[in-house]
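First up is the structure itself, then whatever we jot down about it.
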Protein chains: 2
Amino acid sequence: MPELIPLSYVETIAKAGSIRKAADTLAITSTALNRRVLALEDEFGVPIFERLPRGVRLTTAGELLVQHIRSQRSDVAKLQSQIADLKGERRGHVSIACSQALLPYFLPAEIAAYRKQHTAVTFGVYLRDRAAAEQALADFSADVALVFEPVRLSNVQVLATFPQTVYAVMRAGHPLARRGVIRLGDVSQYPVGLPTSPYGVRQLIDHALVRSSARLDVAIESDNFQFLRRYPAEDDLITFQIPIGLPGQDGMDGMVVRPVDARDIPQGLLYLCQLKNRTLPVAAAKFAVQLERSLVEQLGEFE
Amino acid sequence: MPELIPLSYVETIAKAGSIRKAADTLAITSTALNRRVLALEDEFGVPIFERLPRGVRLTTAGELLVQHIRSQRSDVAKLQSQIADLKGERRGHVSIACSQALLPYFLPAEIAAYRKQHTAVTFGVYLRDRAAAEQALADFSADVALVFEPVRLSNVQVLATFPQTVYAVMRAGHPLARRGVIRLGDVSQYPVGLPTSPYGVRQLIDHALVRSSARLDVAIESDNFQFLRRYPAEDDLITFQIPIGLPGQDGMDGMVVRPVDARDIPQGLLYLCQLKNRTLPVAAAKFAVQLERSLVEQLGEFE
DNA sequence: CTTACTGCTGCATTCAATGCATCGCTTTGC
DNA sequence: GCAAAGCGATGCATTGAATGCAGCAGTAAG
């Protein structure tokens, strides 16, 4: 699909930082590339690149142009996926930006289920924090984002939200394991492990602690959910997770999870999003629908 | 802006119905054009055109492609208008599809006011009935549509709605002219002139008549609002208009308008629309904002 | 059966895009 | 300070991909 995305060399130059370097990676001479840039600037009547002593940098107009090119690329992908769809091939590619909690169980199962039906569809799964996920949507490097408690949601269209109760994770023999629902006051008697502050679960807990008289003994802090989920097996410590990041009934080898009372820590929301005003390629749209269905079912299981 | 819209020849061929005719209008040989088509079909792996004995016709894939090309053209226009905007030129073009009522007074005044500020912006104003206006949005031949009581509104995004009371139009000496508000029962004593059935005003009146005991003596029927507005000057006949299609206090030379009681004929809605999920070019977006403001003011005047 | 119109293809041509060499400029390193 | 290195821009020769020409095969209309 060569000339379906013209001007894509502009992106290469912007990334490389100089015309000569970009010409190298494009395997053409700098002359040719330079000429294309000049011709393009002539057409628009505006400089696309700012000439610096050590290379070039996009002007404001150039940034608009790059945005346009990316949007166009995504449109072409959509078109190709539509055409492939009516060829009966069900091809395509889906890029997903998501929070950590989705990676260990939920997305692998979902993607495997989807690919079982549509084997020609390929996937890209990228761990992005809440801000980076929105950025990924904006520059078309992701089709959909699945994030817990996102930040601002500007330029983002919410396809669906799913409430997520915070669960306490502990070893099976832990005293609190006998209770059905955990109160925050109970937990304050034990050391806890928390995610670092950028994460949604931590935000919810921090907010809860402000309003509450309880204080937590934070013995462990980590930015890795996998670590936080496994650690209580070795210690009396309690950590917190949302259900989407937990394995099913089996596979909890020696550990148990108990919901935290919603009066203490309110439910957070898991957001399924896409870029505002964008029509997704067929594959991505269908996958989003499947995600929505599965998440609604998943919800029922844990309630 | 030549090669910013590649593939645009596909549209030309589709419209011409044959490669050779299209080649004529494009001022190139049929050979070259044919080659491009073959190359394109090779890239997509799907025939774009169906070969008929007397020419070609778009396949399903081809129709998708044409839709994509139109969308792309509109995107490029948006980009250029954005770039022109930051050049301080405020250039651009706005295409408007609208009902008859907007043409005599409202749009001329609005466009003139806009062009006073942005002289480099050009306009296209096209009379389209309610169904055709939506079609015009869909194929990107119009940026915004202003229609009274539209039909289905699929694939259309409503930017704003404005209630429009139906007004009775009569000569100044008419007996009913002494009343402040007209009841449908009063009108039934006189002959009336109505727009033909596709128009929103007629729809409202027809609906009103079904529910009401009153019957109207339809002496004149026309699809031209200009005619219906002027005719009562020569006759005791009464016609109906919405305020947006009427001149201000002056310029009614010998005629008066009186609102029809909303209990008899409910208010209709004037819709300001754009294509769903489309980002308008700067000029069109700004003009839409101006329209919205003016219409809100206009509303105050007549209430 | 002829005529006219269609899309398609082999071969020669041409012109726009490319490559080469070089200039003018700024920053970097000694 | 002065040479070196890296950058974008430009004049000139070259090349190859897109074009044009002529002719093919097929179908519908008269």
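Read the figures in this text as sums done on the coordinates, not as results from a lab. Quick caveat, the model's predicted, so the values are computed rather than measured. Methodologically, a virtual Cβ is constructed for each residue, glycine included, from the backbone with ideal geometry; neighbour enumeration extends over all protein chains shown.
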Quantify how strongly other chains surround peptide B:81-88 by giving the mean number of their Cβ atoms within 10 Å of each of its Cβ atoms.
4
Please report the spacing between the Cα centers of the range B:1-71 and the range A:13-69 in Å, no decimals.
31
Counting only other chains, and only Cβ atoms inside 10 Å, what mean value do you get across the residues of A:271-284?
1
Take chain A, connect every pair of alpha-carbon atoms lying under 10 Å apart with a spring to form a Gaussian network, then pick out the residue of A:LEU107, A:LEU127, A:LEU26 with the largest mean-square fluctuation.
A:LEU26
Explain nothing, just the number: dipole magnitude of chain A about its Cα centre with +1 on each Lys and Arg Cβ and -1 on each Asp and Glu Cβ, in debye rounded to the nearest 20.
480
The farthest towards the positive end of the charge dipole of chain B, of the residues B:ALA177, B:GLN67, B:ALA288, given +1 on Cβ of Lys and Arg and -1 on Cβ of Asp and Glu, is B:GLN67
For chain A, what is the convex hull (Cα atoms) projected area averaged across all directions, in square nanometres?
19.6
When the range A:104-146 is reduced to its Cα atoms, the Kirkwood hydrodynamic radius in Å
11.5
Rg from C-alpha atoms of the range A:166-266, normalised by the globular rule of thumb 2.2 N^0.38 Å, equals 0.96
Percentage of interatomic Cα-Cα distances in the range A:1-156 larger than 20 Å:
61
Expected max-MSF residue from B:GLY173, B:GLY200, B:GLY268 in the GNM of chain B (alpha carbon, under 10 Å) is B:GLY173
Stick to the Cα atoms of the range A:1-89, pair each with every other, and give me the Kirkwood hydrodynamic radius in Å at one decimal.
14.1
Calculate the dipole size of the range A:146-303 relative to its Cα centre from +1 charges on Lys and Arg beta carbons and -1 charges on Asp and Glu beta carbons; express the result in debye to the nearest 20.
480
Looking at the calculated P(r) for the protein assembly as shown, what percent of the C-alpha pair distances fall above 42 Å?
46
Quick one: with label points 7 Å out along Cα→Cβ, list the inter-copy distances for B:ALA27 in nm, shortest first?
3.7
Quickly rank A:114-120, B:184-190 as a protection proxy: mean count of other C-beta atoms within 10 Å, highest first.
B:184-190, A:114-120
